[in-house]
Amino acid sequence: MISFILLLCRFFTIAICVTDQYVLDDKVGLGRVFDGIGGLSGGGATSRLLVNYAEPYRSQILDYLFKPNFGASLHILKVEIGGDAQTTDGTEPSHMHYENDENFFRGYEWWLMKEAKKRNPNITLIGLPWAFPGWVGHGKNWPYDYPDITATYVVSWIIGAKQYHDLDINYVGIWNERNFDSKYIKVLRDILDKVGLTDIGIIAADGDWNIVNSMVVDPYLNDAVEVVGAHYPGTTTVLEALKTQKKLWSSEDYSTFNNEVGGGCWARILNQNYVNGLMTATISWNLVASYYGELPFGRDGLMTAQEPWSGSYVVESPIWISAHTTQFTQPGWTYLQTVGHLAHGGSYVALTNGKGDLTVVIETMVYTQRTHDHSVCVRPPLPAFNVTSQNTTFQLKGSFASLAQLQVWRSRFNFKTQKPTFFEKLSPLKVNLRIRNVAHLQRSLRSLDEVYTLTSLTSGLKGSFPDPPPSAPFPTTYKDDFNVANPPFTEAPDFADQTGVFEYHINLTDPGPHVFTLRQVVTQRPVTWATDADQTISVIGNYKWENLTVSCDVFMETVKTGGVFIAARVDKGGQSVRNAKGLFYWIFSDGSYKVTNDLAGQAVLAEGPSGTRAFGWHTLTLSIKGQYATGLLNGYPLWKNAVVLGPKNGWAAIGTKSFELAQFDNFAVKAE
């Protein structure tokens, strides 16, 4: 175990006093200013299912993420500026699908930022594009050829955040993990300044450290960038980054499965990003794993909330590892110069608010060839290192010499031995003040894979709610007529768009019984971040579904070349969606139909005339059982006994032949 021992000896001459010593002193000079710990919503629709949770569970999840002195108590929320394209686990809608279109109520990031701000008014808000609507690139898959247009588009999002949601964006990025363009960054800075947004800082380049090579030789570029942000830096930086004299952030990090191993990874990152790389902010991708778990990077969030239909969620270990830092520091605190590695493995950081308060965070996470399942990080894998038992003494000098005691919080991972305990408050640690007016405290580190916070603050709390409902699979019977009171331009519950954008729509042109529908609205291929499919598709349901019936009313809005589909057993989403297989039942506006084993429409199982046309409603029904499937059109058999080649299970889905307008209504699925 790890125990705290009061240092009673006057001089370091007896055995118990032969320890490794570290000085915590704010009078010898301070380190860099701490900017906070945060989470990233987006970068692929990672909060997609969260907005569909019923109360009180939705508010509970948000409290665990953002409420001060309760859970993760995050200081930073970074969100994707939606670009209508696939960005890891789905698409997020743009506020401007078209050049003459502007709508600041699409998507859920506005809602999420407001909820975070409601809980923490001081939270730092950041926006970053992953993709851009097609019109920004003028038909090219590149946003920098017309820097004025791209910058104006991004700035309009910032202005809309304030005008429609009273949200002050603090920082904005350029283009996630793609090549930077110096001219564009300067244009963006100029346009921000011209419209009075001089306080908004630019983060660049949200990839590797390469931009610093240009910054050190280009004073104008260096002036335009406020924060150098790197992704998955492996806790290290480069000399040129330090030469810029800018804030250095790990602006996207973690990306690890959120079990105890992931929690151990997060513990090392939070300390060692500063110890090794002088990075003063770390932002987790992702904020909350609130997307279908079979999509890429399933359960890589700080907590898990992927069942709005049941209300179940899980507060994972990274929430409490975050709390070790976030509940006892704030942006504006300052690191001491005396931070670093412990002599026998592990690390410690110490921060102060300049008013005599002190917070020390210590981690002893192990990762060796023998313990390769402890605290491993996947992007990038951090190098193996050993941690052994050790005695450690901290000398408190300067403003801290008069501290009489420190509060103690502990997390113990206990890999493979017993149940872990997280964010446990221990008895306060009394500090010895009798040794030449220098306060001492000693730790005997007998166990490993632990995190401690020693702090002068008394405000910490391990928040809790009654247990949420138990986990349950997606309902086997599901219907949506899209007539609920959701506003237009928002998403339907549980649908996860993978290419294209499907929005609530009010049908004012010859609506008949179909007044409220779901409409695919992206008509031009976006400036993509991933390799989007050529078709649009939105998936829903239980990935384990095998035998099921899917039905939907469909309405094509493209004459002669239009087409729509419903599907079952869809096996891929995210960046692999263009290679998705399943059973796809298509009808086309030229009066034909097709049944394929793939989204690309190449593996044809059946085809023929259908009599279907654009601007008329048709009802499609797809039934699949075992190896055989049957399709109905308007209640009558159109084809039957098509042999399904595979896969054996997957989601249900709807979609279109290309980037085209189409509407869907009365969606239903029944699984056996």
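The values are calculated or read from the model by the stated rules, or taken from the named source; none is laboratory data. Computed from a predicted structure; not experimentally measured. Glycine also receives a Cβ, built like all others from the backbone with ideal geometry; neighbour counts cover every protein chain displayed.
Can we say E546 is under 25 Å from D494 (Cβ atoms), surrounded by fewer than 24 Cβ atoms within 10 Å (Cβ to Cβ) and among the acidic types (D, E)? Walk me through it before giving the result.
Numbers: under 25 Å from D494 (Cβ atoms): yes; surrounded by fewer than 24 Cβ atoms within 10 Å (Cβ to Cβ): yes; among the acidic types (D, E): yes.
So E546 fits the description; yes.
Starting from residues that are part of a loop (DSSP other than H, G, I, E, B) and modelled with pLDDT of 70 or more, keep the ones in region 407-440 and report whichever is farthest from the chain's Cα centre (by Cα).
Selected residue: V431.
So is E450 surrounded by 15 or more Cβ atoms within 10 Å (Cβ to Cβ), assigned by TED's automatic domain parsing to the domain that holds K572, modelled with pLDDT under 95 and not β-branched (V, I, T) or not? Step through it out loud before you land on a result.
Numbers: surrounded by 15 or more Cβ atoms within 10 Å (Cβ to Cβ): yes; assigned by TED's automatic domain parsing to the domain that holds K572: no; modelled with pLDDT under 95: yes; not β-branched (V, I, T): yes.
No; evaluated as a whole, the condition is false for this residue.
Would you mind stating whether D84 is of a type in the set (D, E, K, R) and closer than 20 Å to V172 by Cβ? Steps first, please.
Values: of a type in the set (D, E, K, R): yes; closer than 20 Å to V172 by Cβ: yes.
The answer is yes for D84.
Quickly run through region 581-604 and pick out the residues that are touching a residue at least 40 places away in the same chain (Cβ under 8 Å) and over 39 Å from the mean Cα position of the chain (by Cα).
Within region 581-604, just Y593 meets the criteria.
Enumerate the helices (runs of 4 or more DSSP H) found wholly within region 192-276, keeping only those where 2 or more residues are touching a strand residue (DSSP E or B) at 6+ places or on another chain (Cβ under 6 Å) and free of Cβ contacts under 8 Å to residues at least 24 places away in the same chain.
On the way: elements: 211-215, 219-224, 239-243.
It comes to none.
Quick check on region 209-225. Is at least one of its residues closer than 21 Å to S284 by Cβ and crowded, with 16+ Cβ neighbours inside 10 Å? I'd like the intermediate steps shown before the answer.
The first filter runs over region 209-225 and keeps only residues closer than 21 Å to S284 by Cβ, leaving 209.
Going one step further and asking which of them are crowded, with 16+ Cβ neighbours inside 10 Å, we end up with 209.
Yes, there is a match, as at least one residue in region 209-225 is closer than 21 Å to S284 by Cβ and crowded, with 16+ Cβ neighbours inside 10 Å.
Is it the case, given these coordinates, that Y291 is in contact with a strand residue (DSSP E or B) (Cβ under 9 Å, 6 or more places away or on another chain), surrounded by 24 or more Cβ atoms within 10 Å (Cβ to Cβ), hydroxyl-bearing (S, T, Y) and outside any loop (DSSP other than H, G, I, E, B)? Let's see the steps before the verdict.
Values: in contact with a strand residue (DSSP E or B) (Cβ under 9 Å, 6 or more places away or on another chain): yes; surrounded by 24 or more Cβ atoms within 10 Å (Cβ to Cβ): yes; hydroxyl-bearing (S, T, Y): yes; outside any loop (DSSP other than H, G, I, E, B): no.
So Y291 fails the test.
Check F659 against each of (1) in a strand (DSSP E or B); (2) at pLDDT 95 or above and name the one condition it does not meet.
Among (1) in a strand (DSSP E or B); (2) at pLDDT 95 or above, F659 violates only (1).
List the residue pairs whose Cβ atoms are under 9 Å apart, where the first residue sits in region 63-74 and is on the phi > 0 side of the Ramachandran plot, the second is of a type in the set (F, W, Y), and the two are 6 or more positions apart or on different chains.
S73/F66
Select from region 571-606 the residues that are surrounded by fewer than 15 Cβ atoms within 10 Å (Cβ to Cβ) and not small (G, A, S) and write down the one among them that is farthest from G42 (Cα to Cα).
Here is the first cut: in region 571-606, the residues surrounded by fewer than 15 Cβ atoms within 10 Å (Cβ to Cβ) are 579, 591, 602-604.
Retained after the next criterion (residues that are not small (G, A, S)): 579, 602, 604.
Working: N579: 22, Q602: 32, V604: 35 Å.
It comes out as V604.
Limited to region 62-87, what total is found for residues that are crowded, with 24+ Cβ neighbours inside 10 Å and closer than 25 Å to L270 by Cα? Even if it seems obvious, please write down each step before you answer.
If we filter region 62-87 for residues that are crowded, with 24+ Cβ neighbours inside 10 Å, which is where we start, we get 64-66, 71-87.
Still in the running and closer than 25 Å to L270 by Cα: 64-66, 71-80.
Of the residues in that region, 13 qualify.
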